[in-house]
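Asks: Following this message is one structure expressed as structure tokens.
The values are calculated or read from the model by the stated rules, or taken from the named source; none is laboratory data. What you see is a predicted model; the values in this text were computed from it and never measured. With ideal geometry, Cβ positions are generated from the backbone for all residues, glycine too; neighbour counts draw on all protein chains shown. Side chains are part of the model used for accessible areas, which takes the heavy atoms of the whole protein and leaves out ligands, DNA and RNA. Shrake-Rupley method; radii C 1.70, N 1.55, O 1.52, S 1.80 Å.
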Amino acid sequence: VGPAKPGSEVRLLYFFLSYARGDEDDLVRQFYNDLSVEVRVRAGLHKDAEVGFIDARMKAGTIWQGHLVDALSQCRSFVALLSPRYFLSRPCGQEWQIFADRVARYEDDTGLEPSVLKPLLWVPLPPGKMHPVAARVQFSSDLLGDTSVRQLMRLQRHQDAYREFVFELAGQIVDSAETHPIPKGHSYPDLESAPSV
């Protein structure tokens, strides 16, 4: 059969990265790029394969809502970068809701909990400030501990832990995509019609 030609792979969005604009967008894009590289390697894909979605990559003039909803309706996991700004963002809550509805349908149909909703602490939150929806599914990792992803990236002494964390997260994303193919589609004509979780 031989290897697929570059760019000929069937598009499979392994993850959707949800974040609040203004939370150090350049660092968010770096995290997205680092995670994409590891997901490609773990999935055995070409270095140019599109494996994730982040709205920061959309070009000016793009009809962004359609692309967002399309990505949310087919991605296999949802990575949310939690911060005080995230919990104040209606679009972030709408993105979460669209994906969570798909997960709920999968759980109803199979009786399995797929662990594909991955909230990560981006900015430390004061005690009691974690939104109850996120607290129920808080992602945990021995490598992350009580440190935020942003802290791992910014502090030189955490660089090895950051690389190990991205490697671990990419492995979980690829494994869950292959083990739990949650159904495509959504119940909303556009992002604005979706409620915020």
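Asks: Out of (1) open to solvent by 60 Å² or more (accessible area, probe 1.4 Å); (2) under 20 Å from Leu12 (Cβ atoms); (3) at pLDDT 90 or above, what's the single condition that is false for Arg90?
Replies: (2)
Asks: Right, next: Take the residues of the stretch 11-24 that are open to solvent by less than 40 Å² (accessible area, probe 1.4 Å) and more than 17 Å from Leu125 (Cβ to Cβ): which is farthest from the chain's Cα centre (by Cα)?
Replies: For the stretch 11-24, the residue satisfying everything is Leu13.
Asks: Between a residue in the stretch 169-181 that is over 15 Å from Leu117 (Cβ atoms) and any residue that is open to solvent by 60 Å² or more (accessible area, probe 1.4 Å), which pairs come within a Cβ distance under 6 Å, given they are 6 or more apart or on different chains?
Replies: Within 6 Å, the pairs are Ala170/Arg42; Gly171/Arg42; Val174/Arg42.
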